[in-house]
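The values are calculated or read from the model by the stated rules, or taken from the named source; none is laboratory data. Since the structure is predicted, the reported quantities are computational estimates derived from the model, not experimental observations. Virtual Cβ from ideal backbone geometry, glycine too; neighbours counted across all protein chains shown.
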Amino acid sequence: MTVRHSSSERTDAPRIPDRLRVLVVGAGIAGVSVARGLLRDGHDVAVFERRPDMRVGGGAVTIWSHGSTVLDQLGVDMDGAGQLLSTVRIATSTGRRLINIDVSTIVDRLGGAVRMVPRRVLLDRLLDGFPTERVHCNSRVVGAVSTRDGVQVEFEDGTSVVGDLLIGADGLHSKIRTIVGAPPARPTGWCSWQGLKTVPHITESDVAVQIIGPRGNLGLWPAGGSDLQWWFDMPWSTDFVRPHRPIEMLRANFSGWSDLVDNVLAMLTDDDLAPSPFPHFRHPIPRASRIPAVTLLGDAAHTMPPILAQGTNQALLDTMVLRKALSDVPRGSGATTNELTAALRRYEKTRRRRLSAVSWVTSRQISQSESVLKPAAMVSDSFGTTAMTTFMRWLSHRRIAEEFERGRCDHFAT
């Protein structure tokens, strides 16, 4: 398609209104989060979703302390949602203990609960109090072009809508990412067989288990009540042929790793594996959009493997940093589209370094032999917990989070 550039570089750039017209493409967790935040900041927000309704599938997601902090900023009540975690236990497939991450200590040091919560529950909490008339389902985007004072989005049914700002939050296979010329995602060579299963008698309901072996990795994370988020990571390639009975493949690779693993494998059926596998992808972090009034958020900007359970948390941090960048734009007659464009590029630059780091870390698949992992068992739990805390603190944009807490962003809604 031909992109018509706006006049954002001209000296007579149009003025932007006091209340931005924000168009959000994608009504998943990322899209609803940023829409909720910008609506609270007083902007006129509309969300467009290609699905026919707001029902969401998938399993559970981990909300780390920095994600919980952003949910607090958004006014989302998470009490009773999912399962609060106290510990992450990491071991090898032969039972060798590697490290126990003390999640309670991370919470004490960083604030913000750490919990596992079903994706559908999190989206329901985000939508609680959000005006549903602002979400437009069955809206499939086919194009976007610059206008003199913003952007126009075009839909498959021939309709279009104009706004001051477009946010692409439409996931891994983002149409908006393609439109702005960002490079496509690349497979990492791994995939997850995963799901959410009701498992009676979870003995330690606040303890997450991860096991690393020579043929793959697995995770068993409680998600509230009797729900257990399970996953088995294995090598994958584009010529992968799905076995007729995938449960037999998983049992052949992972049986004997622990009693809990064997119990879960005994309960799973081929029907539980029907949506799997989910290949891991990694997006190159994009540079500036070729349409000035467009930016990307969440998986549309930075799909990454689920190794550190950071996808949802990084989308929430995107929301916080974008809200801060837009709050710095002068309102009313004093602001031009130049300043709005500069704010979007500032948001992208602020996020790029941290996103590049976490994307790189999550792309280092850690499936290893017992002999290679043996030195890791010498790391103390306290050191491992401190290292994780430091990494999470660095990711979290603490200065911006503290500005939200102190109410120093002039235009944030009270």
Considering every residue within segment 195-214, establish whether at least one is of a type in the set (Asp, Glu) and either in contact with a Cys (Cβ under 9 Å, 6 or more places away or on another chain) or assigned to a strand (DSSP E or B) (or both).
no
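Test ASP108 against the stated conditions and say whether it is over 30 Å from MET378 (Cα atoms) and without any contact (Cβ under 8 Å) to a residue 24 or more places away in the chain.
no
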Take the residues in segment 385-407 that are in a loop (DSSP other than H, G, I, E, B) and small (Gly, Ala, Ser); name whichever of them is surrounded by the most Cβ atoms within 10 Å (Cβ to Cβ).
SER396
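Every residue in segment 238-266 that is outside any helix (DSSP H, G or I) and farther than 15 Å from SER192 by Cβ, please.
Of the residues in segment 238-266, the ones outside any helix (DSSP H, G or I) are 238-245, 255-258.
THR238, ASP239, VAL241, PRO243, HIS244, ARG245, SER255, GLY256, TRP257, SER258 - these are the residues of segment 238-266 that are outside any helix (DSSP H, G or I) and farther than 15 Å from SER192 by Cβ.
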Considering segment 116-172 alone, what residues qualify as being within 30 Å of ALA60 (Cβ to Cβ) and of a type in the set (Ser, Thr, Tyr)?
THR132, SER139
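Considering only residues of segment 305-327 that are modelled with pLDDT under 90 and touching a Lys or Arg at 6+ places or on another chain (Cβ under 8 Å), which is nearest to ARG177 (Cα to Cα)?
The qualifying residue nearest to ARG177 (Cα to Cα) is PRO305.
Go through segment 267-282 residue by residue and tally those that are outside any loop (DSSP other than H, G, I, E, B) and under 21 Å from VAL199 (Cα atoms). Spell out the reasoning first.
Of segment 267-282, the ones outside any loop (DSSP other than H, G, I, E, B) are 267, 278-282.
Applying the additional criterion that residues be under 21 Å from VAL199 (Cα atoms) yields 267.
Of the residues in that region, 1 qualify.
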Can you run down the residue pairs with Cβ atoms below 9 Å, 6 or more apart or on separate chains, where the first is in segment 175-186 and at positive phi and the partner is surrounded by 13 or more Cβ atoms within 10 Å (Cβ to Cβ)?
GLY181/VAL3; GLY181/PRO286; GLY181/SER289; GLY181/ARG290; GLY181/ILE291
Residues of segment 75-97 satisfying the condition of being crowded, with 19+ Cβ neighbours inside 10 Å, at pLDDT below 95 and assigned to a strand (DSSP E or B):
ILE90, ALA91, THR92
Within segment 361-386, work out how many residues are modelled with pLDDT of 80 or more and touching a strand residue (DSSP E or B) at 6+ places or on another chain (Cβ under 9 Å).
8
Can you find a residue in segment 170-186 that is acidic (Asp, Glu), surrounded by 14 or more Cβ atoms within 10 Å (Cβ to Cβ) and out of contact with any strand residue (DSSP E or B) (no Cβ under 6 Å at 6 or more places or on another chain)?
no
Among the numbered criteria (1) at pLDDT 95 or above; (2) under 30 Å from THR178 (Cα atoms); (3) not small (Gly, Ala, Ser), which one does ASP239 miss?
(1)
Pick from GLY158, GLY189, GLY181, GLY171: which is in a strand (DSSP E or B) and out of contact with any Leu (no Cβ under 6 Å at 6 or more places or on another chain)?
GLY189
